[in-house]
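Structure first, then comments.
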2 protein chains.
Amino acid sequence: MAKNEVPTVAPVKNFKVPGFKASGISCGIKKTGRKDLALILSDTPAECAAVFTANKVKAAPVLIDIIRVKKGVTRGVIVNSGNANACTGTNGLLAAKRMTSAVEKSLGLKTGEILVSSTGVIGVPLPVEKVEKAIPELLKNLDNNGLHSATEAIMTTDAYPKKAVARARINGKTVTIAGMAKGAGMICPNMATLLSYFMTDANIKSPALNKALKTAIDASFNSIIVDNDASTNDTAMIFANGACNGAEIKANTPEFAAFSRILNDVSLKLAHMIVRDGEGATRFIEIDLTGAASLQEAKRGARTVAESQLVKTAFFGGDPNWGRILAALGRAGIKIKEEKVSISFNGVPVVKNGLDTGNEDRAAKALKTHDVKVKIELNIGKHSTRLWTTDLSYEYVKINSAYRT
Amino acid sequence: MAKNEVPTVAPVKNFKVPGFKASGISCGIKKTGRKDLALILSDTPAECAAVFTANKVKAAPVLIDIIRVKKGVTRGVIVNSGNANACTGTNGLLAAKRMTSAVEKSLGLKTGEILVSSTGVIGVPLPVEKVEKAIPELLKNLDNNGLHSATEAIMTTDAYPKKAVARARINGKTVTIAGMAKGAGMICPNMATLLSYFMTDANIKSPALNKALKTAIDASFNSIIVDNDASTNDTAMIFANGACNGAEIKANTPEFAAFSRILNDVSLKLAHMIVRDGEGATRFIEIDLTGAASLQEAKRGARTVAESQLVKTAFFGGDPNWGRILAALGRAGIKIKEEKVSISFNGVPVVKNGLDTGNEDRAAKALKTHDVKVKIELNIGKHSTRLWTTDLSYEYVKINSAYRT
């Protein structure tokens with residue numbers, strides 16, 4: 001697959017969820033005139049849950065959402081792209097609140113019923129009056145098919161909109177989960193802000209929703225590495241409005257498992273699209289690590305390999321350089337016995353019991369693909385993990401060294 | 001300064017130490033025919049101390065040295081370049097021992113009196129017979145002025161040999177410390193193996209020597225970041241043969257402080273040379289972080305900034321992108337209050353109390369230099385640190401993605 005083509009996931013048909021409307025318009029924050037303002041709105045109050053950036057430097061909208069989402073109920077979220085409203089101090093907090101109250105007032109909602117996200121350049125005051133002026137048009141465009149426009153409006157340097165939808169029969173009703181995401185664009189935003197929103201018509205309360213979301217995010221957005229930086233704005237939210245009219249899905253039931261499964265599926269699809277669209281990415285690399293002493297050690301080991309500049313540049317060059325992987329594992333701070341480690345690239349064993357297998361030529365040939373599977377067997381414990389990353393290319397350096405103008 | 005020119009440190013005159021001989025020759029490991037075998041030899045048994053890689057995957061010579069150095073006395077070290085003798089299993093250990101015993105036998109020394117290092121490609125058997133055949137020539141070339149040749153022989157892709165020397169009057173005698181290092185070459189070795197050797201004629205015992213070495217390495221080689229990878233072979237050694245005939249330098253005395261000062265000086269000079277010679281480096285970046293809650297947090301914060309791909313690419317592009325620095329600090333896992341952080345680039349304040357100063361144009365102009373000073377004030381505690389790193393350039397990607405042939 002060529003770089004930044006839309007990946008070969010199933011085409012998104014019926015990208016809509018009963019009881020949700022959305023819109024995406026241009027309000028003039030982006031100089032290009034592209035869409036930069038989105039609204040996702042539930043017809044009725046929706047149960048909600050969210051996961052935010054672990055970065056201690058949090059953007060203004062994140063600080064506001066953290067408080068509002070505690071109520072567990074919301075009507076929706078307004079999102080702008082082109083400006084992150086991060087590192088903007090007290091004025092940034094006021095601007096974020098003005099974004100939400102503009103929507104709340106127009107719709108006759110109470111203060112706090114709308115959430116807010118921003119993505120884009122850091123440290124520049126948000127031109128909130130542009131948002132306020134555009135509210136009538138934003139509301140006018142609300143539509144059951146509006147998730148497509150909304151997905152476009154949250155993009156920054158994403159090469160394509162990222163959306164996925166899945167349905168399942170649960171409690172005798174068809175439950176839909178639609179998800180949208182943006183990320184991996186780093187020219188205008190200062191890092192790869194990840195925003196994702198999940199809309200479902202399931203009947204599920206906030207605590208269970210929270211549990212399902214955390215599990216899904218951990219295995220998807222928290223298992224991908226484009227660069228090693230966590231943004232000030234990273235946000236994942238889920239809204240459940242119960243419009244499917246099914247019985248309540250309670251935690252730790254088979255119904256919950258079914259719900260969780262489709263949420264994981266949607267979330268993982270979006271996360272993979274973000275990796276494939278990674279700045280300058282020419283490879284989609286899966287790191288599959290098994291046999292670690294603990295789950296935490298499995299994750300730390302895989303992450304250290306995935307984050308290594310030397311590993312990433314080797315993959316860019318198609319070099320089956322297993323020494324760099326072994327060395328990354330060695331400095332990961334995990335239990336490792338060199339003489340027990342085995343490594344393969346796309347099925348070709350390159351290290352067996354810590355030693356070269358002599359398969360370098362075969363491995364080099366096997367690496368002439370866009371998608372690369374790295375299998376690492378530590379063979380000292382029972383814990384495993386998988387994560388996904390990109391290579392490190394000239395293009396990455398070009399994009400990220402470009403002066404922001 | 002243009003890339004990879006010899007940096008403007010004081011020219012190395014009198015790069016020799018009383019009572020030490022050295023030589024550097026070609027034994028045929030490097031296909032280019034360049035020097036690849038070095039010997040440093042003290043005329044008499046020398047007190048010694050060493051610091052080795054923290055990587056759990058350790059090369060064969062490191063495993064041998066760790067045991068031998070415990071005796072605290074050695075006659076010297078044999079070093080080959082062109083092959084790291086790492087990830088080579090039991091045969092690798094045998095090969096490393098054969099290197100040392102070849103020297104020991106020829107000189108009538110006991111087993112274990114010579115140490116050994118290797119640097120170069122990982123996972124390939126060391127052609128130890130080439131080393132053995134070259135021993136007569138290696139010994140024939142031993143000379144009081146041989147440190148120059150030895151420094152050349154430990155190079156891999158280093159653009160220039162790295163050497164420094166300092167002298168001080170201690171206990172009424174002139175004490176010399178000479179240091180050599182190699183590093184930052186990553187084409188042939190799989191990562192930036194750092195080797196450094198310090199020779200001194202001071203009268204100082206192994207435990208005190210060990211203390212001085214650890215302090216010096218911590219503030220120099222452990223405070224530089226070229227990539228984020230720690231090699232399987234990293235080694236720093238110091239040999240003290242007492243040839244200055246001074247009184248013993250004991251730990252925690254003014255004489256020890258004087259000794260430590262010149263060792264730190266030599267070590268820091270070598271470390272800076274390694275950063276300046278970093279693969280593809282177009283900038284020499286100093287991160288000066290103050291006001292952290294603890295020394296450990298200061299180091300972790302500075303390191304997270306220095307290791308960020310987004311920070312490094314921004315510096316390559318001359319972009320005064322303080323948002324990336326603030327975000328890196330935010331995810332460093334240290335105490336930070338956004339509203340207290342100040343940042344300057346080459347003296348131009350870009351962030352004050354967490355907010356943009358509006359000095360972007362001035363900062364961009366100030367960044368048009370090879371040497372960049374980044375000052376970060378956290379303003380929450382009393383601890384500070386300094387470290388040095390490079391930018392991340394096209395050339396870095398080119399060099400490190402090149403297939404090893």
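Where a number appears in this text, it was derived from the coordinates with a stated rule and is not lab data. Fair warning: this is a prediction, and the values are worked out from it, not measured in the lab. Neighbour counts are summed over all protein chains in view; Cβ atoms, including those assigned to glycine, are modelled from backbone coordinates with ideal geometry.
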Can you run phi through the Karplus equation (6.51, -1.76, 1.60; θ = phi - 60°) for the stretch A:205-217 and list ³J(HN,Hα) in whole Hz, with x for Gly and Pro?
7, 3, x, 5, 4, 4, 5, 5, 5, 4, 4, 5, 5
Taking θ = phi - 60°, what integer Hz values does the Karplus form 6.51 cos²θ - 1.76 cosθ + 1.60 yield along the stretch B:219-224, in sequence order, with x for Gly and Pro?
8, 10, 5, 7, 10, 10
From the label point of B:ASP43, set 7 Å from Cα along Cα→Cβ, how far away are the matching label points in the other copies, in nm, ordered shortest to longest?
9.7
A:HIS370 label points, 7 Å along Cα→Cβ, one per copy: pairwise distances from this copy to the rest in nm, shortest first?
4.2
Here the correct list, in nm and shortest first, of distances from A:ALA257 to the same site in the other copies, label points 7 Å along Cα→Cβ, is 7.0
B:LYS373's amide H: which non-local residues (gap 5+, or another chain) put their own amide H closer than 5 Å, with H modeled 1.01 Å from N in plane and none for Pro or chain starts?
B:GLU286, B:ASN346
Would you mind checking which residues have amide H under 5 Å from B:THR156's amide H? H placed 1.01 Å from N; only 5 or more apart, or other chain.
B:GLY183
Rounded, prolate or oblate, given the Cα gyration tensor of the stretch B:93-169, with a/c below 1.5 counting as rounded?
oblate
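Mind giving me the FRET efficiency for B:THR44 and B:LYS250? R0 is 22 Å, r the Cβ-Cβ distance, nearest 0.05 is fine. Write down the numbers at each step before the final one.
Values: r = 20 Å, r/R0 = 0.92.
With R0 = 22 Å, the Cβ-Cβ based efficiency is 0.60.
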What translational diffusion coefficient, in µm²/s and rounded to a whole number, does the Stokes-Einstein relation yield for the protein assembly as shown at 20 °C and a viscosity of 1.002 mPa s, taking the hydrodynamic radius as the Kirkwood radius over Cα pairs?
76
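Cα-Cα over 29 Å: which of A:LYS35/A:LYS58; A:LYS335/A:LYS368; B:LYS21/B:LYS105; A:LYS58/A:LYS163; A:LYS382/B:LYS335? If you can, show how the numbers build up before the last one.
Numbers: A:LYS35/A:LYS58 24 Å; A:LYS335/A:LYS368 32 Å; B:LYS21/B:LYS105 18 Å; A:LYS58/A:LYS163 26 Å; A:LYS382/B:LYS335 35 Å.
Listed pairs above 29 Å: A:LYS335/A:LYS368; A:LYS382/B:LYS335.
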Listed by chain and number, the lysines with an alpha carbon less than 24 angstrom from that of A:LYS31, same-chain partners under 8 positions apart left out, are A:LYS97, A:LYS130, A:LYS133, A:LYS140, A:LYS162, A:LYS182, A:LYS398
Note, the stretch A:358-367: 3J(HN,Hα) by Karplus (6.51, -1.76, 1.60, θ = phi - 60°), whole Hz, Gly/Pro = x, goes x, 9, 4, 4, 4, 5, 4, 5, 5, 8
Let's test the formula: R0 of 35 Å, r as the Cβ-Cβ distance of A:THR90 and A:ASP143. What FRET efficiency results, to the nearest 0.05?
0.45
How much FRET efficiency would the formula 1/(1 + (r/R0)^6) give for A:LYS352 and B:THR111, where r is the Cβ-Cβ distance and R0 is 41 Å, rounded to 0.05?
0.80
Give me Rg over Rh for the stretch A:284-401, both radii from the alpha carbons and Rh done the Kirkwood way, two decimal places.
0.96
Packing-based exposure ordering (other Cβ within 10 Å, fewest first) of B:MET155, A:MET180:
B:MET155, A:MET180
Pairwise label distance in nanometres, A:ILE380 with B:LYS382, each label 7 Å out on the Cα-Cβ vector
4.0
Among DSSP bridges having both ends in the stretch B:20-276, what percentage is antiparallel? Round to the nearest 5.
70
When B:TRP322, B:TRP388 are arranged by how many other beta-carbons sit within 10 Å of their Cβ, fewest first, they go B:TRP388, B:TRP322
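Ratio of alpha-carbon Rg to the 2.2 N^0.38 Å globular estimate for chain B, to two decimals, please.
1.01
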For the protein assembly as shown, share of DSSP beta bridges that run antiparallel, in % to the nearest 5
70
Could you order peptides A:236-244, A:39-47 by the average number of other Cβ atoms within 10 Å of their residues, highest first?
A:236-244, A:39-47
